[in-house]
1. Compute the distance in nm between two label points, each set 7 Å from the Cα along the Cα-to-Cβ direction, one at Glu24 and one at Arg164.
2. Compute the orientation-averaged projected area for the chain from the convex hull of its Cα atoms and round it to one decimal in nm².
3. Apply 1/(1 + (r/R0)^6) to the Cβ-Cβ distance of Ile80 and Asp111, taking R0 = 41 Å, and write down the FRET efficiency to the nearest 0.05.
4. In the Gaussian network model of the chain, springs joining C-alpha atoms below 10 Å, which of Tyr106, Tyr185, Tyr151 carries the largest mean-square fluctuation?
5. Could I get the Rg over Rh figure for segment 1-96? Both from C-alpha atoms, Rh via Kirkwood, rounded to two places.
6. Which of Leu77, Leu58 has the fewest other C-beta atoms within 10 Å, and how do the rest follow up to the most?
7. Compute the long axis of helix 64-76 from its Cα atoms, compare it with the longest principal axis of the Cα atoms of the chain, and write down the angle in degrees, 0 to 90, nearest 10.
8. Of Tyr106, His121, Val196, which is farthest on the positive side of the dipole of the chain, counting Cα position, with +1 on Lys and Arg Cβ, -1 on Asp and Glu Cβ, and the Cα centre as origin?
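Any read-out appearing in this document is the output of simple, stated calculations on the displayed coordinates, not a laboratory observation. Here the structure is a predicted model, which means the values were calculated and not measured. Heads up, the Cβs are rebuilt from the backbone with ideal geometry, glycines too, and the neighbour counts pull from every protein chain shown.
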Amino acid sequence: MIEESLRVEPATEAEWLGPLAVREFFAHPERRLEIDLGCGKGRFLLARAAKHPGTNFLGIDRMLRRIRKVDNRARRLDLINIRLMRVEAYYAVAHLLPRAAVDAYYIFFPDPWPKARHEGHRLFNAPFLDALHRTLAPEGVAHVATDHLPYFEQLSGVFAGDARFAPVAPFAPPEDEQTDFERYYIGQKPIGRLSVRRA
Ligand SMILES: C[S@@+](CC[C@H](N)C(=O)[O-])C[C@H]1O[C@@H](n2cnc3c(N)ncnc32)[C@H](O)[C@@H]1O
């Protein structure tokens with residue numbers, strides 16, 4: 001049984017300024033690194049990590065309560081291939097993650113900020129794509145899903161206008177890996193899915 005918390009956060013000033021040696025958080029730093037950005041309560045992350053013990057998974061969320069919940073569950077399930085960071089997503093990708101470190105991002109149901117005056121809070125914009133591109137490994141992929149179709153159209157447009165990313169077949173998790181939000185919306189609302197590869 002894992003005794004220690006799987007939660008990590010930058011400690012020193014140098015770590016806060018990044019890059020952070022995230023691969024070294026894991027017992028096997030040489031393995032694939034996949035990141036669930038905005039992991040919420042971790043249903044996808046926990047199921048995926050249990051199914052792929054040879055892959056390292058980093059869950060990132062800004063809500064400590066959610067990170068704590070995932071931490072407790074991962075330890076109960078003895079999932080040594082999970083680490084969790086409580087930090088703001090854009091800051092993590094833009095400043096903390098090292099260049100070319102990430103093999104796959106999963107960004108499922110990011111907050112849609114539906115009011116026009118709040119659209120500036122959305123995660124997907126040109127600086128975020130710069131940060132994604134910098135941190136993706138060659139051939140690395142990003143998988144996105146949202147129930148908010150105007151946001152889906154906006155982020156599809158941002159990717160379509162950026163030659164650094166090439167579309168690939170959209171990824172839909174199998175039923176046992178569906179996120180909490182996906183389970184909530186499935187059958188109720190159409191879900192927009194997009195996957196891209198670093199070109
Ligand atoms: C709508 S929920 C989706 C959770 C999960 N991905 C799912 O599909 O069930 C969005 C999650 O992203 C987190 N979140 C929202 N904005 C964030 C940000 N800027 N940085 C880090 N986490 C964020 C929230 O705390 C929440 O857990």
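1. Going by the 7 Å Cα→Cβ label model, 2.6 nm.
2. With every direction weighted equally, the projected area is 11.1 nm².
3. Result of the calculation: an efficiency of 0.85.
4. Its mean-square fluctuation being the largest, the pick is Tyr185.
5. On the Cα set of segment 1-96, Rg over Rh gives 0.93.
6. Lowest to highest Cβ neighbour count: Leu77, Leu58.
7. For 64-76 against the chain, the angle is about 50 degrees.
8. Projecting each Cα onto the dipole axis, the largest value belongs to His121.
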